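Engineer: Can you read through this structure? Questions will come right after.
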Amino acid sequence: MLITTLCYIEHKEHYLMLHRTKKAHDINEGKWIGVGGKFKDRESPEECLLREVSEETGFHLTSWRFRGFITFLQENYETEYMCLYTADDFIVPADAPCGSEKGIPVREHPAFASSDSSDWPVPECDEGELAWIRKDQIEALNLWPGDRIFLRLLNEQPEFFTLKLRYAGDELLESELSK
């Protein structure tokens, strides 16, 4: 059994997306996903979320919401249980352009004030390339079929949901939504 978190960091109708291209033996290789990862021993979901986001982006979340619980079933892999989050406020690290010694809240960061996402800092990540993607352009990315379902749910429904996804390779065989 594998327990993970996944977070979609939001800013001005964009999500920070990770194109998984660097990690060896990665089930997500070539796919676009949010940021997150595996729980460490004795971590709560929120502790895992905050640690993983910080490790992968350098951002320190200050506002987040637990949105759903996803069960992944796939041949030849252990069952994965994922805590799904969105976040809409964070501290940009000090070494990012225009950052202070301790970092600066995104709402006060001059680069993030721009409406042009190409002006926004994009952190380095050792698991792939991060990019700010407009929510209305995410469907064009190489996503898991089940991710398309829960990304749609994040945009359509404010309530908490659970979703069970069963795969054979990259093919989604079954999805079961409980609200």
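Engineer: Within the stretch 42-58, take every residue that is modelled with pLDDT of 95 or more and assigned to a loop (DSSP other than H, G, I, E, B) and give me the one that is farthest from GLU139 (Cα to Cα).
Structural biologist: This residue is ARG42.
Engineer: With the requirement that a residue be without any contact (Cβ under 8 Å) to a residue 24 or more places away in the chain and either open to solvent by less than 30 Å² (accessible area, probe 1.4 Å) or small (Gly, Ala, Ser) (or both), what does the stretch 105-120 give you?
Structural biologist: Initial filter on the stretch 105-120 (without any contact (Cβ under 8 Å) to a residue 24 or more places away in the chain): 107-111, 113-114, 116, 118-119.
Within the stretch 105-120, HIS109, ALA111, ALA113, SER114, SER118 qualify.
Engineer: Sort out which residues of the stretch 138-161 are open to solvent by 50 Å² or more (accessible area, probe 1.4 Å) and either under 14 Å from GLU10 (Cα atoms) or among the hydroxyl-bearing types (Ser, Thr, Tyr) (or both), and write them in order of number.
Structural biologist: Within the stretch 138-161, just ASN155 meets the criteria.
Engineer: Among the residues of the stretch 109-152, write down those that are outside any loop (DSSP other than H, G, I, E, B), of a type in the set (Val, Ile, Thr) and over 13 Å from TRP32 (Cα atoms). Don't jump to the end; show me each part of the working.
Structural biologist: Step one: of the stretch 109-152, the residues outside any loop (DSSP other than H, G, I, E, B) are 110-113, 117-119, 124-125, 128-140, 145-152.
Next, only the ones that are of a type in the set (Val, Ile, Thr) stay: 133, 138, 149.
Passing the criteria: only ILE149.
Engineer: Residue under question is TYR85, and the condition is that it be within 16 Å of LEU130 (Cα to Cα), touching a strand residue (DSSP E or B) at 6+ places or on another chain (Cβ under 8 Å) and at pLDDT 95 or above; does it hold? Give the derivation first.
Structural biologist: Numbers: within 16 Å of LEU130 (Cα to Cα): no; touching a strand residue (DSSP E or B) at 6+ places or on another chain (Cβ under 8 Å): yes; at pLDDT 95 or above: yes.
Considered against the rule, which asks whether it is within 16 Å of LEU130 (Cα to Cα), touching a strand residue (DSSP E or B) at 6+ places or on another chain (Cβ under 8 Å) and at pLDDT 95 or above, TYR85 comes out as no.
Engineer: So which pairs qualify, if the first residue must be in the stretch 53-70 and touching a residue at least 12 places away in the same chain (Cβ under 8 Å), the second must be small (Gly, Ala, Ser) and surrounded by 16 or more Cβ atoms within 10 Å (Cβ to Cβ), the Cβ gap must be under 7 Å, and the two must be at least 6 apart or on different chains?
Structural biologist: What qualifies is HIS60/SER54; HIS60/GLY103; LEU61/ALA87; SER63/ALA87; TRP64/ALA87.
Engineer: Being without any contact (Cβ under 8 Å) to a residue 60 or more places away in the chain and under 20 Å from ALA87 (Cα atoms) is the filter here, so list the residues in the stretch 140-179 that pass it.
Structural biologist: ARG148, ILE149, ARG152, ASN155, GLU156, GLN157, PRO158, GLU159
Engineer: Moving to a separate point now. Taking the stretch 1-45 as the search range and keeping residues that are charged (D, E, K, R) and out of contact with any strand residue (DSSP E or B) (no Cβ under 8 Å at 6 or more places or on another chain), which one is least open to solvent (accessible area, probe 1.4 Å)? Step through it out loud before you land on a result.
Structural biologist: Filtering the stretch 1-45 down to residues charged (D, E, K, R) leaves 10, 12-13, 20, 22-23, 26, 29, 31, 38, 40-43.
Then keep just the ones that are out of contact with any strand residue (DSSP E or B) (no Cβ under 8 Å at 6 or more places or on another chain); that gives 12, 40-43.
Working: LYS12: 95, LYS40: 114, ASP41: 133, ARG42: 213, GLU43: 39 Å².
Looking at the filtered set, the residue picked out is GLU43.
Engineer: Does the stretch 147-179 hold any residues that are among the small types (Gly, Ala, Ser) and modelled with pLDDT of 95 or more, and which are they?
Structural biologist: Applying the first criterion (among the small types (Gly, Ala, Ser)) to the stretch 147-179 yields 168-169, 175, 178.
Correct list: SER175 only.
Engineer: Pick out the one residue from THR71, THR62 that is within 21 Å of PHE160 (Cα to Cα), open to solvent by 70 Å² or more (accessible area, probe 1.4 Å) and polar (S, T, N, Q).
Structural biologist: THR62
Results for (1) over 23 Å from GLU171 (Cβ atoms); (2) at pLDDT below 90, shown as yes or no for each residue.
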| site | (1), (2) |
| --- | --- |
| TYR8 | yes, no |
| LEU18 | no, no |
| VAL35 | yes, no |
| ARG65 | yes, no |
| ILE70 | no, no |
| PRO93 | yes, yes |
| ALA96 | yes, yes |
| SER100 | yes, yes |
| ARG107 | yes, no |
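Engineer: Just a yes or no: is a residue in the stretch 44-54 more than 21 Å from ALA24 (Cα to Cα) and acidic (Asp, Glu)?
Structural biologist: yes
The values are calculated or read from the model by the stated rules, or taken from the named source; none is laboratory data. All values derive from a computational prediction rather than experimental measurement. FYI the Cβ positions are ideal-geometry reconstructions off the backbone, even for glycines, and counts take in every protein chain you see. Areas reflect the complete protein model, heavy atoms only, side chains present, ligands, DNA and RNA absent. Shrake-Rupley method; radii C 1.70, N 1.55, O 1.52, S 1.80 Å.
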